[in-house]
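Worksheet: one structure, shown below.
Only the coordinates and a few stated rules stand behind these numbers; no lab work does. Everything numeric in this text was worked out from a predicted model, so none of it was measured. Note that we place each Cβ from the backbone using ideal geometry, even for glycine, and neighbour counts take in every protein chain shown.
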Amino acid sequence: MGDSASPSAADLNKLFCPSQTAAGGTAARAEPVPQDAWSVLMAYHSQQHCWPTPVSGRQARTPRAVSDLGAILGEAEAILTDAFGVLNVGESALPGAPEALQAVRQRGCALRVVSNAASQPKAALVARYRAMGFDLTAAEFITSRDVTLQALAEAPAHWRWVIIAPGQADLSDLPIAHGRRWDGALHDGDDAVLFLAAWGWQASDQEALEAGLRASPRPVWVANPDLISPWGDAWRPEPGGWCTGLQERTGATVLRFGKPLGSIFELALASLPGAVERARVWMLGDTLHTDILGAQAVGLRTAWITGAGASTGLDVARAVACTGIVPDVVMPFIGPVAVC
Ligand SMILES: [Mg+2]
């Protein structure tokens, strides 16, 4: 699917929804799924019923094009930033990104990384970013795992959780009394499912999960609402992608935690020192439907990063017109900061 045409609903169903077979099961699909940025944008757009409504009255605006983060620091008391596609791609820092965060500190702005990274406990995530050259602390990371942990702590204590995560994943921070890892099927006595990370998750696993949910619907909590993420030369479905349409197909109640839902932004704002005016808090992100839409819904200003990550190569004007999501500014990369 190229930039010249929007994907059809059938294309998107093939991307994210296992198709029904004649036998009533679900057909396997190949993964990872090679896609381009426009197709991914349209995939998010097709799920807009799951996301906050774009802020009205912005559609007539045009985002201001700026060169780097320095252009907005004079208007900011705090900077919230996405991680992947803004700070790094894979295990490599984007050029100028660590220095740009230093410029934020030198301005006296508070800094938070607001990420849908749910697969690792906080300490491992911090170590990963410090290894890439970012001088960040645990207190500066607010993740969808944090929001999920908060919700888990409030869940019925007797629930037995089935946890979907890679075999080597560290689950030691989960505040649950009863749980087990996914073993290929749902069983009697399993009360709820926690979809933490999709690495290693196969179409056959999804088929088995959906069969179990259809037989006995139970809550499914999704710790990363992202649909898909770039991985090398291909795109890999994330938990939110696998669970697209899951509620409609199975009758299970699906709850999502993380961007663009408001609770992760509220947690980040609550962590800032002192009272901060929301109109002077900026969110930086490369995904319109998570970073930009979610931040605008809670009253923040937004900078869309288009030089790396999910939006690389997108026609900015067309994407804004199509989605109705209008960031305040657009910049290719956050650094190097030319003006500070
Ligand atoms: Mg991103």
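Some points to look at:
- Cα gyration tensor shape for the stretch 220-340, rounded if a/c is under 1.5, else prolate or oblate: oblate
- Between the stretch 266-292 and the stretch 152-191, the alpha-carbon center distance in angstrom: 31
- Within the stretch 76-163, GluC sites (Glu not before Pro) in DSSP loop having at most 12 other beta-carbon neighbours inside 10 Å: 91
- Helix 144-154 and the longest principal axis of the Cα set of the chain meet at an angle near 50°.
- Computed over the alpha-carbon pairs of the stretch 203-290, the distance histogram in 10 Å steps reads 14, 37, 26, 17, 5 percent, short to long.
- Acute angle (nearest 10 degrees) that the helix 203-215 long axis makes with the longest principal axis of the chain, alpha-carbon atoms: 60
- Taking amide H atoms as placed 1.01 Å from N in the peptide plane, the amide H of residue 181 lies under 5 Å from those of 163, each 5 or more residues away in sequence or on another chain.
- Crossing angle, helix 37-46 versus the chain [Cα axis fit, 0-90 degrees, rounded to tens]: 60
- Annotation: amide H-H contacts under 5 Å for residue 111 (H modelled 1.01 Å from N, sequence separation of 5 or more, or interchain): 79.
- Nonlocal amide H pairs with residue 235, under 5 Å, H built at 1.01 Å: 33, 35
- Centre separation in Å (Cα based) which lies between the stretch 38-61 and the stretch 85-129: 26
- Note on the chain: Cα convex hull, mean projected area over all directions, 16.7 nm².
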